[in-house]
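Worksheet: one structure, shown below.
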Amino acid sequence: MNKNSDVTGMLDRKKNQNTNSYQPEFYRLNQAEDQEKLVLLLNRPGLILHDTIKDQIAELIKYRNPSVKFTNEALARHVLDYIGSKPLEEYGVWVYYPWSNRLVHLLDEQEFIEVRTSRNQYKITPEERAVLQTKKIGVIGLSVGQSVAVTLAMERICGELRLADFDLLELTNLNRIRTGVHNLGIAKVYSVAREIAEIDPFLNVICFPDGINETNMDTFFTGNGKLDLMIEESDGFDIKILSRYKARDLRIPVLMEASDRCMVDVERFDLEPARSILHGLVDHLDIKTLKSLKTTEEKIPYMLDVLGIDTASPRLKASMLEIEQTINTWPQLASAVTMGGGITADVARRLLLNQFKSSGRYFIDVEELIGDKKTQPAKTESPVIATHDAVSIARDLNLQGLPPINTLNEALAAELVKAACLAPSGGNFQPWKWVFTQGRLLLINAFDASSTFLGVGNLPSLVAFGAAIENLTLKASELGLFTHCKEFPYPDREEVIALFEFSKSNSNEPLFPNRRACIGLRLTNRNLGQREKIDNKVLHHLSNIEQEIPGAQLRFFTEESQLDEIAEVLGEVEKIRLLEDMGHRDFVNEIRWNAEENDRKKDGVDLRTLDITNAERVGLQVARDKSIIELLNQWNGGGAFKKLTKKSIDAASAIGLISMPGNTKADYLNGGRLLQKIWLEANASGIAFQPVSASLFVYARLFINNGEGLSEKGRKALVDLRPRFEKALGIGPEKTEIFIFRLCLADEPKVKSLRKPLEDVFVRL
């Protein structure tokens, strides 16, 4: 015989025995029928008998005679007198627990309650205990709810508990749910009900192992009498909302405890039947959408609506960014859950006794109450950016003393500048100022961006100036003008980018009509699109544009393996950037977080232009807090930042890399001109275009500025990643990488970045 098979068979028969039982059985031996049943029970194999009835009677006697100091002998006599002639085994009740095969001899109900709650007095008076014994409480959700329910039972704050949860106990639950490993795999409701029954078998516990849904909600709220209080701790947002509507309709008060900062939410629908649920925080939510939420990531924005993003603890907000990166779901600690159970039970008792009547949100934040004195949190400040007065510069250069050129008047100059300013700039920074005098245009770098994380050497601005020059040249051609551009005409004035003079064009055919037509239509399209092949003829056409800039090189990456690797390395650099103090600071200042800010400033990146999920949008808003970044650094987290960049590359049809033969200012300026040429042609061909160049300028800080402003951790991460970065993008020593962009097929975005008004960037002397 195979012994292993015998063991397996025995194990299979023993598995999950009594997994659904949660109600104890009562045997009173003064009833003949119960005597017969108990005899049969006593023959059950493995039965564990526990009988301390004499000790319990002794406790009862001492409780009823608090002024008497009994000796052991006197107390023993009083116990015998109290029992009288009745056989001891017939006194009280025998309680059998099927799930543990234990038989326990107890005082019967009223005496049991009297003794078990004796040490509540006068925190809870006998009169209050009698009132509470009539109350019915429903608990939805049994993580925090388990601690609440057990504490309610221990204090005997009610006579009936209705428990609802559809989940089974898992090993990961045992970090906060007090139960044994032998309960793994059984329904949470049964585990909690058993624990309560082992504390007080006379409490009426009703289990809803399918959780609460629209079909059983009426039974939960009104079956066996209407609830006096609902305690809601569920993870399902549709139930979270629907149960409150039901409670409000029935005028049942609601409590919720969020273990984060021990936030207790009180809604007195019994006193305020017209009150908005959750204090109006979720009035904007669509219940149909809530029902469709499946993943934790999808639930995050709604969870923060419910909890309140502004009042959540830094650790919870930082943890949110790590969900589905380094953790699976919201973290909860046993200490917080246990404390929440106690506090919620306390509030429930006072509410049911009509000692507490207010609605509201209350916080018992232990870290704030007991902890080191905190300094004011560091604020995210804007970088100190030196501005250059374009008018003063033009006057210093004495441009008014130059002989006038009559080809260009102020109106035409304004048209040229309008077109030029439609060029892209890093973070929509718009670093330019234009001065018109004596028929000439002077282009000034109005803002020294070298103090920004990505602005080393003003390299991104130089690329933007090159794109603006390309726009201006195309627009001039349309107006019948030929552009004479002197780049960096004053070596001792680095802020002067170019001086333009104009003459009548000899050509009847304006330059590149397709590109000119797209100047006003060109845009950054951050919609993800799909990784679909772009016609090779289009890519070939775009590649040929490199010939218009001597020494320039444009390389496309289209193979799936190439794109996957580029997504990884660019994502890693982006994560490093946003975890750096300077990088995080500039990111926060670059994003326009709401429409009002966007309309007022007319620069930066409108959050609405990002093709991101609600969870990602909330994540970015949460990440504005510098303390969140500090925590992510401590945890070696930040994968959510990598994910955003990686996701955009994963959806790309092609990645383009523009390189130049050197690393001079002229190389970056001409690289910008090539960028704009390609961008306009791509948009003319219906191809979506998005810069993904931040990594290049992060590395510029490492190599040009010797890593100034980088943490040691960030510096090391960039150095370690560099060989993989160079290999993925085919970067060699013979060229300088100037710009990276992604191409894809995507719908046109509904929101476009704004531009500063002409009067802010154009002056006439």
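Read-outs: derived from the displayed coordinates by stated rules, not from any lab. Bear in mind the structure is a predicted one, so any value in this text is a computation, not a measurement. Note that we place each Cβ from the backbone using ideal geometry, even for glycine, and neighbour counts take in every protein chain shown.
Please give, to one decimal in nm, the separation of the simple spin-label points placed at Gln530 and Gln400, each 7 Å out from Cα toward the Cβ.
6.2
Please state the charge dipole magnitude for the range 18-116, taken about the Cα centre, from unit charges on C-beta atoms (+1 on K and R, -1 on D and E), reported in debye and rounded to the nearest 20.
Value, rounded to 20: 280 debye.
In the structure shown, do any of Lys665/Lys716; Lys575/Lys665; Lys646/Lys677; Lys240/Lys602; Lys642/Lys750 have a Cα-Cα gap over 32 Å, and if so which?
Distance filter (> 32 Å) returns Lys240/Lys602.
With a point put 7 Å past each Cα toward its Cβ, work out how far Thr215 is from Tyr490 in nm, to one decimal.
Output for this residue pair reads 8.1 nm.
At 7 Å along Cα-to-Cβ for each site, give me the label-to-label distance between Gln121 and Phe70 in nm.
1.5
Exactly which GluC sites (Glu not before Pro) in the range 319-420 are in a DSSP loop and have at most 13 other Cβ atoms within 10 Å?
Glu381
Toward the positive end of the charge dipole of the chain, about the Cα centre and with charges on Cβ (Lys, Arg +1; Asp, Glu -1), which of Thr338, Ala423, Phe26 goes farthest?
Working it through, the farthest residue towards the positive pole turns out to be Ala423.
Using Cα pairs closer than 8 Å and at least 6 residues apart in sequence, work out the relative contact order for the range 527-606, in percent.
On the way: 28 pairs, mean separation 11.2, N = 80.
This gives 14 percent for the range 527-606.
Taking 45 Å as R0, compute the FRET efficiency from the Cβ-Cβ separation of Glu36 and Glu114 and round it to 0.05. Intermediate results must be reported in sequence, preceding the final value.
Numbers: r = 30 Å, r/R0 = 0.66.
With R0 = 45 Å, the Cβ-Cβ based efficiency is 0.90.
Which of Met230, Met154 comes first, and how do the rest follow, when ranked by fewest Cβ neighbours within 10 Å?
Met154, Met230
If I take every Cα pair under 8 Å that is 6 or more residues apart in the range 395-517, average their sequence separation and divide by the length, what percent do I get for the relative contact order?
Details: 186 pairs, mean separation 31.7, N = 123.
Over the range 395-517, the number comes to 26 percent.
Determine the gain in length on full extension of the stretch Ser451-Ser100; use 0.36 nm per residue of separation and subtract their C-alpha separation, reporting nm with one decimal. List each step's numbers first, then the result.
Details: separation 351, 0.36 × 351 = 126.36 nm, distance 6.94 nm.
Length gained, Ser451 through Ser100: 119.4 nm.
Can you work out the PRE-style zone for Ile370? Point 7 Å along Cα to Cβ, and I want the residues of the range 250-293 with backbone N under 15 Å.
Of the residues in the range 250-293, 261-262 have backbone N under 15 Å from the label point off Ile370.
If contacts are Cα pairs under 8 angstrom and at least 6 residues apart, what is the relative contact order of the chain in percent? Intermediate results must be reported in sequence, preceding the final value.
On the way: 1252 pairs, mean separation 89.0, N = 765.
It comes to 12 percent, rounded to a whole number.
Provide the gained length on full extension for the span Asp720 to Ser392, in nm with one decimal, where the gain is 0.36 nm per separating residue minus the Cα-Cα distance.
In short, 113.5 nm is gained.
Given Cβ point charges of +1 (Lys, Arg) and -1 (Asp, Glu) and nothing else, what value in debye, to the nearest 20, does the dipole of the range 160-259 about its Cα centre take?
180
Taking H placed 1.01 Å from N in the peptide plane, check which residues at least 5 places from Ser359 or on another chain put their amide H under 5 Å from its amide H.
Arg268
Give, in nm to one decimal, the length gained when the segment between Thr222 and Glu712 is fully stretched (0.36 nm per residue of separation minus the Cα-Cα distance).
Roughly 170.2 nm would be gained on extension.
Write down, largest first, the equivalent ellipsoid semi-axes of the range 113-212 in whole Å, where each equals the square root of 5 times an eigenvalue of the alpha-carbon gyration tensor.
For the range 113-212, the semi-axes come out at 26, 14, 10 Å.
Calculate the dipole size of the range 76-158 relative to its Cα centre from +1 charges on Lys and Arg beta carbons and -1 charges on Asp and Glu beta carbons; express the result in debye to the nearest 20. Display every interim value, and only then the final one.
Values: 10 positive and 10 negative charges, 64 e Å.
Roughly 300 debye for the range 76-158.
Count charges around Leu607 for me, please; just the other residues with Cβ under 10 Å from its Cβ, Lys/Arg as +1, Asp/Glu as -1.
Charge balance in the 10 Å sphere: +1.
Looking at Val496, Gly671, Phe557, which one has the Cα that reaches farthest to the positive end of the dipole of the chain (charges on Cβ: Lys, Arg +1; Asp, Glu -1)?
Val496
Please give the residues of the range 391-434, grouped as numeric ranges, whose backbone N is less than 19 Å from a label point set 7 Å along the Cα-to-Cβ vector of Phe482.
Taking a point 7 Å out along Cα→Cβ of Phe482, the residues of the range 391-434 whose backbone N falls under 19 Å are 405-409.
What FRET efficiency do you get for Trp593 and Asp283 if R0 is 22 Å and r is their Cβ-Cβ distance, rounded to the nearest 0.05?
The value I calculate is 0.50.
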